[in-house]
Structure formats: structure tokens, C-alpha cells
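Okay, so here's the structure we're looking at.
Laboratory data are not the source of any read-out in this text; all were calculated from the coordinates shown. Note that the structure is predicted; figures quoted are calculated from it, not measured. Note that each Cβ is placed from the backbone with ideal geometry, even for glycine, and that neighbours are counted across all protein chains shown.
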Amino acid sequence: MKKLVVAIDGPAGAGKSTIAKAVAEKIDYAYIDTGAMYRAVTWKFVQTGHVYEDEFIGELSEKMTIEFQPKNGVNHVYADGKEITDFIRTPEISKLVSPLSAIPRVRVAMVAQQRRMGEKGGVILDGRDIGTVVFPNADVKVFLTATVDERAERRYKEFIEKGMQVNLADVKKDIMQRDKQDSTRPVSPLKQADDAIFLDSTGMTIEEVSAVIIKLIKEKQV
């Protein structure tokens, strides 16, 4: 079977990472969490205590090495050898990641790493510009979304399960703000690729969404 490049794009809270990871496990593909890569840069920057400055953050991102190591169903994230899997999912990082990921030098650095990871195929990547910028020739492209209310509810539950004290209304507000930032940024804005399959996951289970995407992949492998 041909090893494909599968791109799953969509807005915050659409379930991209959950679905991409589930599909990757079912078809034995490598899962590259591109959103986690930008979160890793954000985390690294916060650790420096440096004033927010595009040039500094861009240089920081170019020197970083980000790796993924799947273990016991968890895609562990490492930045320069340090595991930061849980640290990058805090509300603090979520608020900073969108403007930081719009910095041109950061995007160039991350795209270069993503392309190296996926050049041999057999990979699933999720993000906001995978099918439009990172892998415009991806074999399978899906634009995964859901209503704002459902996305907020999903993200809220994630925070609560991790013991974080958050308010649903605030989570929804943050998601709406991220939607605006991601879709209007000048560099690699969030948008559906012309040849991507639109998939609204509102009311669908993880298994149902995964089944749709696996079917698309199998059709392309023939």
C-alpha cells in the first residue's frame, strides 16, 4: 500500500488532534501534531521570561528541536529533549500560541521541521495550514470543523479533566478570538484548501469521524 500524506486542518477545538491520533493508530501511520509544535515554541518562550519580541521568538524557534514519542496511547512532546506534553496545554499557552504562531520566522522554522518529518509519507498532520501551505500536494485533505458551542464544550471538558479551573463562557470567548486571529493573520491564515473535504463533526463521535477519514484514505491507497 502506498504511504500517503494526510492533512487535517480546521479551527481551534474542532477535534483535529484527537481524530488525527485515532486515525493514525488505526492505520499504523505516524501522527505529527503541528499545533503542539507551535505550543512548544510558546512554552519555550515563556520559560525565557523575555519580553515579547518577534525577532527573539523567531530565532528561538529556529534553534529548537521538537520530537514526538507515542507511548501508551499518548503522543509525548519533547522540546530540546525535555518532555512538555502537559505543560503546553494550559490556558496560558493557549492564549499566547495564536499570535506567536503568526510570526513569519516561526512558521518557516516549523514548516521546515514538519516537511522533514513527513517527506516519506505514512503520516497524518493536523493544523491550520497543512493542506494549503505545508503539504499543498497532500494525498488526502480534510477540513474538520464544528459549531463554536460544541468546540467550546469540548475544550472546556479537556481543561476540567486536567483539573484546571476554567469558565465555559471564557473558553468560548477564547475560541472565538482564536478563530478571528487564525483566519485573518497575514501569514498562512486558516482556510479550507480548494481540494479539501469539508467535514462538520458537530454531533458526531470520534469513531464516526475517524471512519469517514479512514474511508477517504483507503480510497486513495487503491
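Residues in the stretch 37-57 that are small (Gly, Ala, Ser) and crowded, with 24+ Cβ neighbours inside 10 Å: 40 only.
Listed here are the residues, each with its yes/no results for (1) charged (D, E, K, R); (2) in a helix (DSSP H, G or I); (3) closer than 25 Å to residue 3 by Cβ.
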site: 171; (1), (2), (3): no, yes, no
site: 188; (1), (2), (3): no, no, no
site: 193; (1), (2), (3): no, no, yes
site: 220; (1), (2), (3): yes, yes, yes
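Scan the stretch 75-86 and give yes if some residue there is assigned to a helix (DSSP H, G or I), within 30 Å of residue 215 (Cβ to Cβ) and under 15 Å from the mean Cα position of the chain (by Cα), otherwise no. Scanning the stretch 75-86, I find no residue that is assigned to a helix (DSSP H, G or I), within 30 Å of residue 215 (Cβ to Cβ) and under 15 Å from the mean Cα position of the chain (by Cα), so the answer is no. The set of residues from the stretch 107-160 being part of a loop (DSSP other than H, G, I, E, B) and within 16 Å of residue 179 (Cα to Cα) comprises 128, 129, 146, 147.
Rundown of residues vs (1) among the β-branched types (Val, Ile, Thr); (2) within 16 Å of the chain's Cα centre (by Cα), yes/no style:
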position	(1), (2)
129	no, yes
140	yes, no
191	no, yes
195	no, no
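The residues of the stretch 141-153 that are out of contact with any helix residue (DSSP H, G or I) (no Cβ under 6 Å at 6 or more places or on another chain), under 12 Å from residue 11 (Cβ atoms) and among the charged types (D, E, K, R) amount to a single one, 150. Residue 196 meets the stated requirement of being in contact with a strand residue (DSSP E or B) (Cβ under 6 Å, 6 or more places away or on another chain) and surrounded by 15 or more Cβ atoms within 10 Å (Cβ to Cβ). Scanning the stretch 109-127 for residues that are among the β-branched types (Val, Ile, Thr) and more than 16 Å from the chain's Cα centre (by Cα) returns no hits. You will find that of 146, 102, 152, 112, the residue that is exposed (fewer than 15 other Cβ atoms within 10 Å of the Cβ) and hydrophobic (A, V, I, L, M, F, W, C) is 112 and no other.
Taking the stretch 86-104, which residues are under 16 Å from residue 33 (Cα atoms) and either free of Cβ contacts under 8 Å to residues at least 40 places away in the same chain or of a type in the set (Asp, Glu) (or both)? Within the stretch 86-104, 86 is the sole residue that qualifies.
Within the stretch 12-63, restricting attention to residues that are among the aromatic types (Phe, Trp, Tyr) and assigned to a loop (DSSP other than H, G, I, E, B), the residue that is nearest to residue 93 (Cα to Cα) is 52.
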